[in-house]
Amino acid sequence: MRIWIPLLGLVAAAGCSHAPTGYVPQPPPPVKQIDMSTLDESSLMPLQKGEVWVYKVDILETTKAGSNSLAAEASYKVRDLTTQGGVQHATMVFAIHNSTQPPEVQQWTVSPKGVFQDSAGQESKSFSSPQPLLLFPLKDHKTFTWKGSGLCPDGSFGTMTVTAKVLDPEIVDTARGTRVSALPVEIHTDYASSSAKGQSRNTTWFQPGAGIVRYVQDFGAPDRRTHLVMAREQELSGQ
């Protein structure tokens, strides 16, 4: 999944809170583990037209001049959705709230074969072929690769080699502190864009019935390194 957020386009929105006097921490409630055999496209990437997923975003960017950290809120909105022959074609809009950065329009395909990102960028530029995030059945596609061209992690057009690995389900925290069991997919991208050569490592966590609940990216370019964390803000059931 290609998400690239330049720091110059963000407005910091950080805050902190303190526990009240006499607060006694309680053990977290148990979290139901995922049954891998039940996972498919409808459970891991459930889409409904008009639905909005809201995320808390934390970014740390390091350059030769020093480090900057910012916090913001972002969202994925299913702007349009069509279904034909069991295949869903979705137009997803990724936006940073209170930002000067224009929204990014992405085309996604969700089918019994897998979950694919077809395009990315403010002008929704297509990849040379759909880029897979998940392939089904999962047991037969624990690892997979993709090679092609399109918008690279640095926001420029170029070529990419992607290696993906589906990891075992694990418990993760959401932005509101809810603990959920989710399926992580780790992706390593080597790219050569019109601007530079670099690498990107990201992990996307899918929760059955909720979709993408967490995303972490480490991005390296000659002039900077960026660490990005996105966590869902909506209340999610611990399942």
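At-a-glance table
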item: Region 63-78, residues that are in contact (Cβ under 8 Å) with a residue 24 or more places away in the chain and surrounded by 14 or more Cβ atoms within 10 Å (Cβ to Cβ); result: N68, L70, A71, A72, E73, A74, Y76, K77, V78
item: Breaking point among (1) among the aliphatic types (A, V, I, L, M); (2) closer than 25 Å to E41 by Cα; (3) in contact with a strand residue (DSSP E or B) (Cβ under 6 Å, 6 or more places away or on another chain); (4) touching a residue at least 24 places away in the same chain (Cβ under 8 Å), for A210; result: (3)
item: Among residues of region 96-113, those that are surrounded by fewer than 17 Cβ atoms within 10 Å (Cβ to Cβ), within 24 Å of K56 (Cα to Cα) and modelled with pLDDT of 90 or more, counted; result: 1
item: Filter result (acidic (D, E) and touching a helix residue (DSSP H, G or I) at 6+ places or on another chain (Cβ under 7 Å)) within region 54-99; result: E61
item: Residues of region 39-64 satisfying the condition of being farther than 15 Å from L133 by Cα and outside any strand (DSSP E or B); result: L47, Q48, K49, G50, E51, K64
item: Scan of region 80-95 for residues that are buried (at least 16 other Cβ atoms within 10 Å of the Cβ), over 20 Å from G155 (Cβ atoms) and of a type outside the set (S, T, N, Q), ordered by number; result: L81, H89, A90
item: Lone qualifier among Q207, Q217 - being of a type in the set (S, T, N, Q), at pLDDT 90 or above and closer than 19 Å to L60 by Cβ; result: Q217
item: Odd one out for V57 among (1) more than 21 Å from G158 (Cα to Cα); (2) at pLDDT 95 or above; (3) touching a strand residue (DSSP E or B) at 6+ places or on another chain (Cβ under 7 Å); result: (2)
item: Subset of region 52-91 [over 16 Å from the mean Cα position of the chain (by Cα) and of a type in the set (D, E, K, R)]; result: E61, K64, R79, D80
item: Hits in region 166-201 (condition: in a strand (DSSP E or B), in contact (Cβ under 8 Å) with a residue 60 or more places away in the chain and not charged (D, E, K, R)); result: I171, V180, S181, A182, L183, I187
item: Of residues in region 144-200 being closer than 22 Å to T226 by Cα and charged (D, E, K, R), the one surrounded by the most Cβ atoms within 10 Å (Cβ to Cβ); result: D154
item: Complete set of residues in region 74-107 that are closer than 21 Å to Q131 by Cα, touching a Pro at 6+ places or on another chain (Cβ under 8 Å) and not in a strand (DSSP E or B); result: G86
item: In region 114-140, the residues that are within 30 Å of T38 (Cβ to Cβ) and surrounded by fewer than 16 Cβ atoms within 10 Å (Cβ to Cβ); result: S129, P137, K139, D140
item: So S149, is it part of a strand (DSSP E or B) and either closer than 23 Å to G50 by Cβ or not basic (K, R) (or both); result: yes
item: Hits in region 108-130 - residues which are hydroxyl-bearing (S, T, Y), assigned to a strand (DSSP E or B) and within 18 Å of S156 (Cα to Cα); result: S119, S126, S128, S129
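The values are calculated or read from the model by the stated rules, or taken from the named source; none is laboratory data. All of these numbers come straight from a predicted model, not from anything done at the bench. Neighbour counts are summed over all protein chains in view; Cβ atoms, including those assigned to glycine, are modelled from backbone coordinates with ideal geometry.
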